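Each value in this text was obtained by applying a stated rule to the coordinates, not by laboratory testing. What you see is a predicted model; the values in this text were computed from it and never measured. Glycine gets a Cβ as well: all are built from the backbone with ideal geometry, and neighbour counts include every protein chain shown.
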There are 2 protein chains.
Amino acid sequence: MLSNASKYAIRSILYLATHTSETKKINVKVIAEELETPPSFLAKLLQQLTNNGLVSSTKGPNGGFYLDEKNRKKSLWDVITCIDGTDKFNQCFLGLSECNDRNPCPAHAMVAPFKEKILTNFRDKTIAEFAAESLEKGTYLTLKQTEIL
Amino acid sequence: MLSNASKYAIRSILYLATHTSETKKINVKVIAEELETPPSFLAKLLQQLTNNGLVSSTKGPNGGFYLDEKNRKKSLWDVITCIDGTDKFNQCFLGLSECNDRNPCPAHAMVAPFKEKILTNFRDKTIAEFAAESLEKGTYLTLKQTEIL
DNA sequence: AACAAAAAAGACCTTTATCTCTTTTTATGT
DNA sequence: ACATAAAAAGAGATAAAGGTCTTTTTTGTT
Ligand code: FES
Ligand code: FES
């Protein structure tokens with residue numbers, strides 16, 4: 001479904017949302033350790049996210065990555081399209097050219113409702129909202145693999 | 001989500017289910033044309049499916065691929081695991097090590113119901129049943145990209 | 001000014017997925 | 001028997017995903 005790159009990106013964004021601010025920045029090495037992702041690869045991803053206005057960064061001592069208010073207004077959908085490019089969730093499950101209700105493939109009825117849900121949750125919800133919800137539910141804890149409540 | 005290989009495999013299986021029998025076999029070239037898939041690649045996939053008892057075949061003139069009664073009792077789940085191997089639908093959406101209700105990631109609540117549905121539809125339904133349903137609903141027509149009702 | 005710490009940039013490397021081509025084997029019809 | 005039509009088998013080719021490493025630039029601290 002999602003590429004590793006997108007998964008890492010989403011996880012790091014949610015991590016940044018809950019752990020950083022304009023006054024508290026974190027560097028790649030730490031983020032990569034916290035999320036247990038390949039550090040160099042994550043660096044590239046954060047670079048790309050920064051170039052596209054989804055993450056903020058400052059260089060030099062005490063520098064690092066963080067989310068400002070503008071970044072927090074973006075959606076996870078923005079993250080996915082920034083990294084993976086393609087419109088993953090509008091594609092037909094069986095790889096046919098178009099996916100719509102008028103010309104459904106055998107799997108369509110099964111997948112279509114899910115797509116709707118993904119769209120509304122990922123596209124119409126800001127990262128700030130998503131992170132806040134995760135905090136409420138306690139699901140943000142599981143961003144790191146080994147972390148057990 | 002699914003690899004191209006799995007998608008081609010599923011589509012060809014459903015095609016075989018509705019177009020072949022012990023007495024009516026179809027060769028790779030025709031199947032590939034009908035489904036608009038790369039012929040050589042599809043040949044390899046059908047070979048693999050045949051080796052794993054999901055498809056039947058006979059060589060020589062008037063030979064080709066087809067589904068016998070035994071093949072029709074398999075599930076699409078069997079097809080996916082035969083081709084992709086990995087347990088695609090039990091994996092965490094964000095790539096964390098385990099996916100379960102006890103230790104959910106931020107996306108879990110959104111994805112879990114879908115997984116259930118996929119499992120029951122793909123694992124607990126025979127190919128025969130799935131194909132029959134598709135015929136009823138008319139969705140089998142859209143196996144080929146350009147085919148519009 | 002010198003140093004250090006961080007991201008940015010760019011050049012790679014490795015592995016996996018996707019796809020092709022050629023040769024061999026097997027079955028059928030004449 | 002022979003020709004032919006098909007799958008089976010095996011060896012590669014290409015492209016994309018995943019990941020690493022080194023150098024450069026920027027910024028803050030001493
Ligand atoms: S048409 Fe295949 S999933 Fe919608
Ligand atoms: S834990 Fe991530 S999808 Fe279930």
Shielding of A:106-113 by partner chains, average beta-carbon count, 10 Å: 6
Folded to 0 to 90 degrees: helix B:108-123 orientation relative to chain B principal axis, Cα: 30
Disulfide-incompatible cysteines by the Cβ rule (no partner under 4.7 Å) in chain B: B:Cys82, B:Cys105
Helix B:4-19 vs. chain B, principal-axis angle (Cα, 0 to 90°, nearest 10): 50
Chain A: angle of helix A:127-137 to the longest principal axis, Cα-based, in degrees nearest 10: 90
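Rounded to the nearest 20 Debye, what is the dipole magnitude of segment A:4-141 about its Cα centre when Lys and Arg each give +1 and Asp and Glu each give -1 at the C-beta? Each step should come with its number before you reach the end.
Working: 18 positive and 16 negative charges, 50 e Å.
Value, rounded to 20: 240 debye.
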Ascending list, in nanometres, of distances separating the B:Gln91 label from those of the other copies (7 Å, Cα toward Cβ): 1.3
Cα centroid of segment A:125-140 to Cα centroid of segment B:1-34, whole Å: 44
In sequence order, calculated HN-Hα J values of segment A:43-49 (Karplus, 6.51, -1.76, 1.60; Hz; x Gly/Pro): 4, 4, 5, 5, 4, 5, 5
Rounded to the nearest 20 debye, dipole of the protein assembly as shown from Cβ charges on Lys, Arg, Asp, Glu: 400
Nm distances between copies for A:Pro61, ranked from closest, using label points 7 Å along Cα→Cβ: 8.7
Relative contact order (%) - segment A:4-141, alpha-carbon pairs under 8 angstrom, separation at least six: 27
Around B:Ala132: net Lys/Arg minus Asp/Glu count, Cβ-Cβ under 11 Å: 0
Shortest-first nm distances, A:Asn27 label point to equivalent points in other copies (7 Å, Cα→Cβ): 6.5
Note, ³J(HN,Hα) from phi for segment A:25-36, Karplus 6.51, -1.76, 1.60, rounded to Hz, x at Gly and Pro: 9, 10, 8, 3, 4, 5, 4, 4, 5, 4, 8, 6
Of B:Pro39, B:Met1, B:Asn51, farthest towards positive along the dipole that unit charges on Lys, Arg, Asp, Glu beta carbons give segment B:1-85: B:Asn51
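Can you check what the net charge comes to around B:Pro39, using other residues whose Cβ is under 9 Å from the Cβ of B:Pro39 (Lys, Arg +1; Asp, Glu -1)?
Here the count lands on 0.
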